[in-house]
Structure formats: C-alpha cells, structure tokens
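See structure below.
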Amino acid sequence: MSDSQALLESRHFLTRSVPLFSPVNWLVAGWRDFQRCPLPGLLHGVLVAVFGASLCWWIPDRFWLLGGAFTGFLLVAPVIATGLYAISRALERGESADLATALTVWKPRDGRMVTFGLLLALAGTGWVLTSAALIWSFAAAPVVTPEDFLHVVVLAEHGWLFESWLLLGGLLAAPLFASSVVAIPLLLDRQIGVLGAVLTSWRVVMANPAPLALWGAAIAFFTLFGMATGLLAMPVVIPLLGHASWHAYRELVGSAVSPAG
C-alpha cells in the first residue's frame, strides 16, 4: 500500500479531541474492566513479572544492559496488552469475556498484528543496544547494580551521560508512542493496514497533544512504579494500563465505516 493510499484509509477514521484529564477516565474505566474479568489481566501481569525476574536472574551483574531492557519494555507494551484490548471490547459489547477471548487474538487471521509487533520489537531491541552501548562506553565506572546506575549515571558529578541517555530515549520513545498509542486497538477492531493505523495514531496525537502527553506520563509512571516494587505490582499495573488503553482508543477514534469482526 502506498503512502497516499494509507493516508486515505486513515481518513476514513474520525479523530476526536478530548479534555486534558481524559486519561483519568480511561484509567477508571480500565480498572472496572479488570475487576469484571480479572484472570486474563492477572496472567498477563504475572507473565511480564516472570519475564522481568528472569532477565534479572540471567544477567544480574549487567545493569548497564538491564536499564535499557526495562525501559525498552515501554516500547513493546502495546503489543503485550493485545489480549486485554479484546477483553475490553467484549465487555463493551455486552459479550462474555474470559481467558479464551484474550488468547484468540494471538492467532491473527492476517499478518497486520504480527508486522506491527515485529516493528515495535525491533525498535525496542534497538533501544536496548543503544542504551547499553552508551552506558558501557561513557560511564565513569562499571554499572553492575541499580545502585551503580544511580551513582555512576544518574548522580554523576561530571559529564552529561544521564541527560544524553534520557534525550536518546525520548527521541526514540516519542515517535513510537505517537505511532502506537491507538494503532494496535485499531488494528484489532477495524480493517485497516498497518501504515493506515500508524497515520491514524499520529492524527490522534496531533489533535490531542496535551492529553496524550499526560497519558504517556501516566503510562511511564505506573510502569516504573511496577518495576520499583520489584515487579510485584505488575500483575495489577499491566491490566490496568492495557484495559485503559482500549478506552483511550474508543474515545479518541471514531469511524465512518462499520467495524470489522
């Protein structure tokens, strides 16, 4: 599909402007969905926590690498929550929702979700490697533990390592957030190509820069909170954000065509 065709496809979908504090409503609605159907969300969160713990066990003395891996999680999180979008969609339609509802979306009828997931995974891998190379090359001392990262990178008295790390991360995260904030729920819910979904996501962000900046900050806050608890809060954080992301999509994107499926 050409860029012009994707743009035309995207314009079939109306974008709505929302109030600044709409993310609060999305979180409240996401929490309700989690309470109504908790098992799939808990399993998603537990799997994320187990994966994070496995990383810590596998490379416990390489926080110069783990730092990028944990922050890179934010880039691929929209894919991880795909099953939770399906749960919220079913609840919204008044349909029964259970673990099978979430698992079904992992058997896509076409390659759109796989393609988008691979693109996000490549971006996440790129950030992990970039972060690791930056810290490994410019840190004044080895960064082995989280305490080392705090003292050698964050609180370093000389140089601009932490500022450079944040700047590079932001330069990568901002366009990826804009590309994915509603793209995967849209791909799940409608017949639209990957590029058309990405363009729609960008249109949504341009129409709502402040609310979506707040939403991005909320996602980062809850995710970092989950990590700061030693991943113990992830079984709640992941479903909360996943279900809330569906409600963000539903409020931000309208359509002039019938939904698929």
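Using 0.36 nm times the number of residues separating Ala228 and Phe138, minus their current alpha carbon distance, what extension gain do you get?
Result: 29.9 nm gained on full extension.
Per DSSP helix of 4 or more residues, -39500 (n - 2.57); summed, then divided by the residues of the chain. What does that give at 222 nm, rounded to the nearest 500? Mind dumping the intermediate values first?
Numbers: 12 runs with 186 residues, N = 261.
So the helix-based figure for the chain works out to -23500 deg cm²/dmol.
Report, by chain and number, residues whose modeled amide H sits under 5 Å from the one on Thr15, excluding near sequence neighbours (fewer than 5 apart, same chain).
For Thr15, whose amide H was placed from the backbone, the distant partners under 5 Å are Gly254.
Within the chain, what is the longest stretch that has no GluC sites (Glu not before Pro) placed in a DSSP loop and near at most 11 other beta-carbon atoms within 10 Å?
Longest run free of exposed loop sites: 158-261.
Whenever you get a sec, compute what percent of the accessible area on the range 103-150 sits on carbon and sulfur atoms (1.4 Å probe).
Ligands and nucleic acids excluded, carbon and sulfur give 73 percent.
In square angstrom, what is the accessible area per residue of the range 70-127 with a 1.4 angstrom probe?
So the range 70-127 comes to 48 Å² accessible per residue, rounded to a whole number.
Tell me, what % of the accessible area of the range 156-261 is carbon and sulfur with a 1.4 angstrom probe?
73
When the chain is fully extended, how far beyond the present Cα-Cα distance does Leu167 get from Thr125, taking 0.36 nm per residue of separation?
Gain on stretching Leu167 to Thr125: 13.4 nm.
What longest range of the chain stays clear of loop-exposed trypsin sites (Lys or Arg not before Pro) (DSSP non-H/G/I/E/B, at most 16 other C-beta within 10 angstrom)?
By the stated rule (loop sites, at most 16 other Cβ atoms within 10 Å), 110-261.
Label-point separation (nm) for Ser96 and Thr145, each offset 7 Å from Cα along Cα-to-Cβ?
Using points 7 Å along Cα→Cβ, the separation is 5.2 nm.
Counting Lys +1, Arg +1, Asp -1, Glu -1, what net charge surrounds Ser17 among other residues with beta carbon under 12 Å of its beta carbon?
+1
The values are calculated or read from the model by the stated rules, or taken from the named source; none is laboratory data. Model, not experiment: these values are computed from the prediction. All Cβ positions, even for glycine, are placed from backbone atoms using ideal geometry, and neighbour counts span all protein chains on display. Quick note on the areas: whole protein, heavy atoms, side chains included, nothing else; ligands and nucleic acids left out. Shrake-Rupley method; radii C 1.70, N 1.55, O 1.52, S 1.80 Å.
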